[in-house]
Amino acid sequence: MNIVTPKRFTIAEYHQLIELGFLTEANHIELIRGELIQMTAKGTPHTVCSSILCRQLDRILGERAVIRGQDPITLPNQSEPEPDVVIAKGKDEDYLAHHPYPEDILLVIEISDKTIDYDQTTKLSLYAEAGISHYWIVNLPARQLEHYSQPYQNAQNKFSYLSKQIYLSNQSVVIPGFEDALLDLNRLFPKDANE
C-alpha cells in the first residue's frame, strides 16, 4: 500500500526556490517544519498595531538591539517563519550573512487577530522547540498581550512554555533583555475609527 506524504523542504531548498524566482514576497509564503505555508493577509488593525509597535520599540531601545519587522528568522526545525516583530542582539549588519538564529533572538512577537489559534498553537510550539526564550502574542480581539517564557518539552515530546502571563491594554510590560525598558501597551490597541 502506498502512503501519500507531502514533500518537505530543507531551509537550503527553500532558499533555492526563492533564488530561482519560484517564490517571491508577493507569494506570502513561510517555511514551517519543512512545509510551505501561505500567510494570512493582514487587516488594517494588524497593520496599524505592527507599525506602532515597531516605532515604539525603536524609540525605546534605539541602538541597543535590532528591531526586525516581518522578516525571516532561521530555526533548526526546518523553519523560517516571518514573525511580525523580532528583537535580536547586535546590530543590523550582523545579519547580512544569515537571518537571526534562536541564540540571537531576545523576543519574538506575533500580532494576532484572524490567526490567534495558529499563533497560540503551531507558532507557540515552533518557537518553544527552537528554544526562543520569550514569545509575545499581541491578542487584538482580547486587547491583551500574552507573554510566554521558559520553553520546555513534555513527556509526550510536545513543546510549549512553562510560564504564561497576561498583560492588559492599560498596563506596561518590561521588554525581555532590557529591565529598564517598559512598553506602554495602551498604544498597541488602537480604537476603531468608528468608536
Pairing a residue in the stretch 166-184 that is small (Gly, Ala, Ser) with any residue that is buried (at least 16 other Cβ atoms within 10 Å of the Cβ) and assigned to a strand (DSSP E or B), where Cβ atoms lie under 6 Å and the two sit 6 or more apart in sequence or on different chains, gives Gly177/Leu106; Ala181/Ile175
**Message:** It is to be established whether one or more residues within the stretch 104-112 are under 25 Å from Ala26 (Cα atoms) and either part of a helix (DSSP H, G or I) or not hydrophobic (A, V, I, L, M, F, W, C) (or both).
**Reply:** yes
Only unsatisfied item for Asn170, checking (1) more than 23 Å from Glu30 (Cα to Cα); (2) outside any loop (DSSP other than H, G, I, E, B), is (2)
A careful count of residues in the stretch 107-123 that are of a type in the set (Lys, Arg) and either without any contact (Cβ under 8 Å) to a residue 24 or more places away in the chain or buried (at least 20 other Cβ atoms within 10 Å of the Cβ) (or both) gives 1
query: Would it be correct to say that Glu146 is of a type in the set (D, E, K, R), open to solvent by less than 70 Å² (accessible area, probe 1.4 Å) and either closer than 17 Å to Val66 by Cα or assigned to a strand (DSSP E or B) (or both)?
result: yes
If you go through Pro100, Pro45, the only one that is assigned to a helix (DSSP H, G or I) and at negative phi is Pro45
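Here are Thr47, Thr40, Thr74: which of them is under 16 Å from the mean Cα position of the chain (by Cα), surrounded by fewer than 18 Cβ atoms within 10 Å (Cβ to Cβ) and under 24 Å from Ser160 (Cβ atoms)?
After applying the criteria, what remains is Thr40.
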inquiry  = Take Arg64 and tell me if it is of a type in the set (Lys, Arg), open to solvent by 60 Å² or more (accessible area, probe 1.4 Å) and more than 19 Å from Phe178 (Cβ to Cβ).
reply    = no
Scanning the stretch 81-97 residue by residue, those in a helix (DSSP H, G or I) and either in contact (Cβ under 8 Å) with a residue 24 or more places away in the chain or in contact with a Phe, Trp or Tyr (Cβ under 9 Å, 6 or more places away or on another chain) (or both) turn out to be Asp92, Asp94, Tyr95
Selection from the stretch 15-37 of residues open to solvent by less than 40 Å² (accessible area, probe 1.4 Å) and closer than 19 Å to Asp117 by Cα yields Ile29, Glu30, Leu31, Ile32
Picking from Ala88, Ala97, the residue that is of a type in the set (Gly, Ala, Ser) and open to solvent by less than 20 Å² (accessible area, probe 1.4 Å) would be Ala88
Here the residues within the stretch 145-179 that are in contact with a helix residue (DSSP H, G or I) (Cβ under 8 Å, 6 or more places away or on another chain) and within 23 Å of Leu57 (Cα to Cα) are Leu145, Glu146, Tyr148, Tyr167, Leu168, Ser169, Asn170, Gln171, Ser172, Val173, Ile175, Phe178
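The values are calculated or read from the model by the stated rules, or taken from the named source; none is laboratory data. If you're wondering where the values come from, they're calculated on a predicted model, not measured in any experiment. When we count neighbours, we look across all protein chains shown, and the Cβ atoms used for this are built from the backbone with ideal geometry, even at glycine. These accessible areas exclude ligands, DNA and RNA; they are computed on the full protein's heavy atoms, side chains included. Shrake-Rupley method; radii C 1.70, N 1.55, O 1.52, S 1.80 Å.
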